[in-house]
1. Pick from Leu268, Leu11, Leu188 the residue whose mean-square fluctuation is largest in a GNM of the chain, springs joining Cα atoms under 10 Å.
2. Taking the Cα centre of the range 43-165 as the origin, how large is its charge dipole in debye, to the nearest 20, when only Lys and Arg (+1) and Asp and Glu (-1) carry charge on their Cβ atoms?
3. Solvent-accessible area per residue for the chain at a 1.4 Å probe radius, Å²?
4. Per the 1.4 Å probe, what fraction of the accessible area of the range 275-406, in percent, lies on carbon and sulfur atoms?
5. Tell me, what is the Rg over Rh of the chain, with Rh the Kirkwood radius over Cα pairs?
6. Quick one: order Met114, Met321 from most to least accessible surface, probe 1.4 Å.
7. If I model a spin label at Trp67 and Arg183 as a point 7 Å from the Cα along the Cα→Cβ vector, what separation in nanometres do I get?
8. With an 8 Å cut-off on Cα pairs and a minimum separation of 6 or more residues, tell me the relative contact order of the range 279-425 in percent.
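The values are calculated or read from the model by the stated rules, or taken from the named source; none is laboratory data. Quick caveat: nothing in here was measured; it's all calculated off a predicted structure. When we count neighbours, we look across all protein chains shown, and the Cβ atoms used for this are built from the backbone with ideal geometry, even at glycine. For the accessible areas, the whole protein counts, side chains as well, though only heavy atoms, and no ligand, DNA or RNA atoms are used. Shrake-Rupley method; radii C 1.70, N 1.55, O 1.52, S 1.80 Å.
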Amino acid sequence: MIKAVRGTRDLLPPETALWNFVESAVRDVFRAYNFQEIRTPIFESTELFARGVGEETDIVAKEMYTWEDRGRAESDKGQSLTLRPEATAGIVRAYIEHKLGDRGLNKLYCIGPMFRRERPQKGRYRQFYQIDAEIIGPASAGSESPARDAELLEMLATLLDRLGIKNWTLELNSVGSSAERARFNEALRIALAPVKDQMCADCQRRAVTNPLRVLDCKHPEDQPIIEKLPRISQFLDEDSRKHFDAVQQILRAVGVEFQINDRLVRGLDYYTRTAFEFTHGALGAQNAILGGGRYDGLSEALGGPPAPGIGFAIGEDRLVMSLQESASAAALRQPDVYVAPLGAGMNAEAARLARELRRHDLVLDLGDETFRLKKSFETATKLGAKYILIVGENEVKAESFALKNLATGDQVSVPRAELARKIQE
Ligand code: HAM
């Protein structure tokens, strides 16, 4: 038997109803904040991610699905392509390519699959889905303002509340400008040199390649060492500090709770200043539902104009997981009516009636005239329909149909014109 590839999975009904529920709630919220959808290709040049996300990151160094794409003809050059591991680099590439900066501030979102060759576990897949949003534009359009950071974070709080997700925590940090971060990284490197041999294998490697990532280490034995390391807050200059204070001030004014976590560094290199994650207790080890932050230098790193920006990506798989119990009832709309045609020629009559009833925003499913009544009842019950509606020759002649409530067992004969109202009661 051929099975789905390790780390990938099929999303099946009824769970897909939850995904649709999430996506339509998300689109509604985005609309209220004037975000518009962008769709970019799921593969891009490998160079985009190497330059955008950073050569030293785990994502680029270890996790990308990359291949040499052969040209089709002599004249057609081959090139290295990669399945997108995240959406931000592609969106900023599109921003530059289509000169979206000419429009002023852009508020963009995209929903789709991302690919990372990680070790699969609960909440971690090799094909997973992100709901990604970005605010990007020239500084003159206000893209650099702390008001944008706060707006985005407030929108996320609204969204999670609206989805009925409780007990989320917003963890907030400032990772400084790239110059500040470089100084911090150097200070970490120096502080780690004499102690790194006492740390886990990952930390020993990171202490050399990317000291910032040591702060992410979850090994209990390493924590006392990490606690004594320098803090990013000691390296922020006045502008960065002011920016961070202003974000916090707005969040307090609008009543969005947060915790400062000065060890939050994020796994992508493009971040500057504000960085954040929303975590959720029910998710276990992979507890980040979403992450994001500012990336004020990314456009320039990709050869574009200065274009400060901030964004986030929600892990949709994890969002759906944290929602599973609370919202499945709301998302799952079972059929209102199962229409059971009874006897030859009744498929057409049942179809006509179903067409009429669906105009009243009812959810209907339809049987077949060859089914015996017993089979129709069994099917209707299995589908979780509220009513079964019998369409037989006598009913059609009388223009009145037998409607049975499957939960209570009550059965009434209802004239055609009153059916929709009766079902909606
Ligand atoms: P990220 O933190 O790498 O950020 O990913 C964002 C979210 O995607 C994570 O919090 C997690 O929920 C989900 N996620 C990541 N990897 C996996 C996986 N293997 N399986 C399931 N879910 C996963 C970014 O990707 C940035 N582009 C976010 C951003 C947008 N920053 C600025 N704008």
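1. Residue with maximal mean-square fluctuation among Leu268, Leu11, Leu188: Leu11.
2. Roughly 440 debye for the range 43-165.
3. 50
4. 51
5. Expressed as Rg/Rh, it is 1.10.
6. Listed by decreasing accessible area, they come as Met321, Met114.
7. So the label points at Trp67 and Arg183 sit 4.7 nm apart.
8. 18
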